Amino acid sequence: MNDYLLSMLLGIIEGLTEFLPVSSTAHLRISEALLHISLSSGYWKMYTIVIQLGAILCLPVYFRARIAKFLSTFPRGERGDRSVFTHPLSLTIIAFVVTAIPAFLLTKVIGKNLEDLRIMGIALLVGGIVMWIVDAMNAKSEAAGPDAPQSRIHTWKMEAMSLGQAVWIGACQILSAVFPGTSRSMSTIAAGQLAGISRAAALEFSFFLSMPTMVVATLYDLLKSLRGKGENPIGVSQIDPHGWVVLAIGFVVSFVVAYASVAWFIAYVRRRGFAPFAVYRIVVGSLVLAFAVRVGS
């Protein structure tokens, strides 16, 4: 396949799946198998980092108004009932730290799991089942709204989240780092719903938590690759003009598609919930697991 066309296709896949609760990592691995290509060389490993960075950068652009409001109201919050430890920006950083430290310590384990299709298939399947059950548990409360008595949901906006909820979500997100296919978005959303957070608030917090988590992880991997370190490294001097164009195409396509998918996802979830994504995960996870077992046998 032509490199430019391949770059566009992979950029679309990354942009579509990075923030949906379906795991972009698993979908890139599935793409390798279906397209009979390898992304294991130094250049293509760096390419996957670059397109992920393109997807990530759509978030501060999309949420620029919310970010500006949070910065202007720090630390007391818009209603004056927050503190330096409970402001939404603080909770985002706290959840990030809870995730980042164990994930860094488990780097070798994560690296091994990234190559295992069986783990990805199981993570997709189990994650889909968990997401479906959790979303169904909260469905009546979501439909009844914030004024309903005896609701399972007691946090309807991200601004009202507690320190304990943030720590819990950060801890659950470790699963997505250790087991590729789990999805950062899925683990954050499901953890938030289990902690009594509404779909909309859990989704918004997942986006905000993605910013520091993914930027740090992606820039760390990119720096190692460009400095000629890590597995299958590639230095800047080794990239020719053709290679830079391929990187640019993937970056731009991923950014644009991710921006559109975030806007669509937010509107869709408020109306329909997460059940369709859970079903999709179960189907894809079952197919990946079956394929992995057949190839391994």
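One Cα centroid belongs to the stretch 1-64, the other to the stretch 236-295; the line between them spans 6 Å. Restricting the calculation to alpha carbons of the stretch 15-109 gives Rg and Dmax of 18.0, 56 angstrom. Since only 257, 163, 191 are under comparison, the one whose Cα sits farthest along the positive direction of the charge dipole of the stretch 147-297, derived from C-beta charges on Lys, Arg, Asp and Glu, is 191. Under the criterion of Cα pairs below 8 Å and six or more residues apart, the relative contact order for the chain equals 36 percent. Only helices enter the 222 nm calculation for the chain: every DSSP H run of n ≥ 4 contributes -39,500 (n - 2.57), and dividing by all residues gives -24500 deg cm²/dmol, rounded to 500. Full extension of the chain segment joining residue 107 with residue 295 gains 65.0 nm, where the gain is 0.36 nm per residue of separation less the Cα-Cα distance. Kindly express, to the nearest 10 degrees and within the range 0 to 90, the angle between helix 88-105's C-alpha long axis and the longest C-alpha principal axis of the chain. It is inclined by approximately 40 degrees.
Between residue 147 and residue 287, the FRET efficiency estimated from the beta carbon spacing at R0 = 45 angstrom works out to 0.60.
Does the stretch 71-227 come out rounded, prolate or oblate, given a ≥ b ≥ c as the square roots of the eigenvalues of its C-alpha gyration tensor, rounded meaning a/c under 1.5 and, failing that, prolate meaning a/b above b/c?
Cα axes put the stretch 71-227 in the oblate bin.
Provide the FRET efficiency to the nearest 0.05 for the residue 256-residue 162 pair, computing r from the beta carbons and using R0 = 45 Å. Using R0 = 45 Å, I get an efficiency of 0.80.
Using alpha carbons only, how many degrees (0 to 90, rounded to 10) separate the axis of helix 241-272 from the longest principal axis of the chain? Rounded to the nearest ten degrees, it is 30. The value for the stretch 144-222 of Rg(Cα) / (2.2 N^0.38 Å) is 1.17.
Rule-based calculations on the coordinates, nothing more; no lab input. What you see is a predicted model, and the numbers here were worked out from it, not measured in a lab. Note that each Cβ is placed from the backbone with ideal geometry, even for glycine, and that neighbours are counted across all protein chains shown.
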